Amino acid sequence: MSAVQDRLLAELERNGYRGKAVSIEHSKDLQKDILELHTAGLLDEEFYNENLTGFQFDYSKELPGAKSIIIAAVPQPIIKLCFIWRGKPCEVVIPPTYLSTEVDRPVLEILQHVLTPENYTLLRAKLPLKLLSVRSGLSMYGRNNISYVQGMGSFNRIIAWVTDMPCEDSWRDVKRMPDCDTCHACLRNCPTKCIDAERFLLHAENCLTHLNEYGGEFPDWVDSTWHNAIVGCMHCQTVCPQNKQYNKTVEIRDVFTEEEVSLLLKGPELSKLPEHTRNTLQRLDLIDYYGDHVLSRNLDVLINK
C-alpha cells in the first residue's frame with residue numbers, strides 16, 4: 001500500500017470511519033455486473049430504468065488521469081422526528097443512509113486534507129455504492145441485499161470518490177455474510193415478501209423502500225400498517241441479528257408543530273412553506289422527497305394509520 005493511501009485510510013479509521021481503495025478499472029466491472037443481471041432477466045425492467053441506469057462508469061473526460069476509487073463507510077444512527085398531529089406527538093423514523101449533507105462534508109474534508117497537499121484531485125463518484133462497497137471488501141451483503149460494514153452493521157452510509165491517486169487494489173467476488181445462510185429473520189419480517197429464499201437478489205421492485213421513494217399512489221396490495229419510516233423501511237434491519245448492538249443507536253431530532261404538519265400534508269409549493277420548515281427539511285435532506293408529494297403521502301400514512 002502506498003504511503004498516501006495508507007495515511008488516508010488510517011485517518012478515516014481514526015475518525016470512526018472505514019475505507020477502501022480500488023483501481024478505476026473496476027468501474028467497468030461494476031457496469032458489467034449490472035448489465036449481466038439485466039440481461040439475465042433478474043431485474044424488473046421498470047426498477048432497472050428508474051434506479052440502475054443513471055450511474056457514470058467512465059470518468060476519463062472529467063479526470064483524465066483517474067487511477068482509483070476511494071470508498072468510505074460512515075456510521076449513521078436512526079433519526080427520529082416528532083410530528084404533532086391532533087394534539088398528540090407522533091414519532092417518525094428516518095433510516096440510516098438518508099442523512100447525507102452533514103455526513104459527507106467531514107469525510108470529504110479528511111480526503112482533501114490528505115490528498116490536496118499531494119496534488120491529487122477528487123471527484124465525487126456516481127456508482128452503484130452497495131455493489132462497489134461489497135466488491136472492494138469494505139462490506140458484505142445481507143440476505144436483504146443491504147450492505148453490512150464491520151463495526152457498523154447496516155447502519156452506515158457509503159460514499160465514493162474518483163481520484164488520480166495510485167492505489168494498491170482491493171477487489172473480490174460478491175459475498176454475502178455467512179451467518180445469513182442459516183438465518184431467515186429478515187425474510188420472515190418483510191411484509192412485502194420481496195426477500196426470496198430461492199435467489200440471492202431480492203425482488204427490489206416490491207421493496208417498501210423502493211415504493212415509498214417515488215411519487216404516485218401505493219399499489220393496492222400495500223397495507224398502510226406496513227409503513228414505518230418517512231422514507232425507506234426498517235423492517236428487515238431492526239430484526240437482523242447483525243444489527244442487535246446498533247438498534248439502540250437513535251438520535252432525536254426536530255419537532256414539527258401541528259401547523260407545520262398541516263402544511264406538509266397539503267403539499268403546497270416549497271416556496272410557500274415557512275422558512276423555518278424549509279430549512280429543517282433541507283437540513284434533514286428531505287427536500288428531494290417533497291416534490292411529487294412523496295413526503296406528504298408518506299407522512300399522511302404514518303400519522304393516520
Flagged pairs (Cβ under 8 angstrom, 6 or more apart or on separate chains; first in region 113-138, of a type in the set (D, E, K, R); second open to solvent by less than 40 Å² (accessible area, probe 1.4 Å) and assigned to a loop (DSSP other than H, G, I, E, B)) are 118/165; 130/145; 130/146
Suppose we keep only residues that are of a type outside the set (A, V, I, L, M, F, W, C) and assigned to a helix (DSSP H, G or I) within region 177-194. Which one would you say is nearest to the chain's Cα centre (by Cα)? 189
Run residue 171 past the list (1) touching a Ser or Thr at 6+ places or on another chain (Cβ under 7 Å); (2) assigned to a helix (DSSP H, G or I) and report the number of the one that doesn't hold. (2)
Applying the selection to region 177-205, what residues are farther than 24 Å from residue 48 by Cβ and either in contact with a helix residue (DSSP H, G or I) (Cβ under 6 Å, 6 or more places away or on another chain) or open to solvent by 50 Å² or more (accessible area, probe 1.4 Å) (or both)? 178, 179, 181, 182, 184, 188, 189
Of all residues being within 21 Å of residue 102 (Cβ to Cβ), in contact (Cβ under 8 Å) with a residue 40 or more places away in the chain and not in a helix (DSSP H, G or I) in region 277-305, which is most open to solvent (accessible area, probe 1.4 Å)? Just the residue, please. 285
What number of residues in region 98-142 are assigned to a helix (DSSP H, G or I) and either open to solvent by 10 Å² or more (accessible area, probe 1.4 Å) or more than 27 Å from residue 279 (Cβ to Cβ) (or both)? 25
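Table: residues versus (1) among the polar types (S, T, N, Q); (2) open to solvent by less than 70 Å² (accessible area, probe 1.4 Å); (3) under 20 Å from the mean Cα position of the chain (by Cα).
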site: 175; (1), (2), (3): no, no, yes
site: 208; (1), (2), (3): no, yes, yes
site: 211; (1), (2), (3): no, yes, yes
site: 224; (1), (2), (3): yes, yes, no
site: 231; (1), (2), (3): no, yes, yes
site: 253; (1), (2), (3): no, yes, yes
site: 272; (1), (2), (3): no, no, no
Check region 137-153 and report whether any residue there is of a type in the set (Ser, Thr, Tyr), touching a Gly at 6+ places or on another chain (Cβ under 8 Å) and modelled with pLDDT of 95 or more. yes
Expected output for region 45-64 (first residue on the phi < 0 side of the Ramachandran plot and at pLDDT 95 or above, partner open to solvent by 60 Å² or more (accessible area, probe 1.4 Å) and not in a loop (DSSP other than H, G, I, E, B), Cβ below 9 Å, 6+ apart or cross-chain) is 55/31; 57/28; 57/31; 58/28; 58/31
Within region 259-270, restricting attention to residues that are in contact (Cβ under 8 Å) with a residue 12 or more places away in the chain and open to solvent by 40 Å² or more (accessible area, probe 1.4 Å), which residue is nearest to residue 295 (Cα to Cα)? 265
Between residues in region 206-230 that are farther than 23 Å from residue 256 by Cβ and at pLDDT below 95 and residues that are surrounded by 11 or more Cβ atoms within 10 Å (Cβ to Cβ) and basic (Lys, Arg), which pairs lie under 9 Å by C-beta distance while being six or more apart or on different chains? 216/297; 217/297
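The values are calculated or read from the model by the stated rules, or taken from the named source; none is laboratory data. On a predicted model such as this, the values are computed, not experimentally measured, just so you know. With ideal geometry, Cβ positions are generated from the backbone for all residues, glycine too; neighbour counts draw on all protein chains shown. When the accessible area is computed, the model is the full protein with side chains, heavy atoms only, and any ligands, DNA or RNA have been set aside. Shrake-Rupley method; radii C 1.70, N 1.55, O 1.52, S 1.80 Å.
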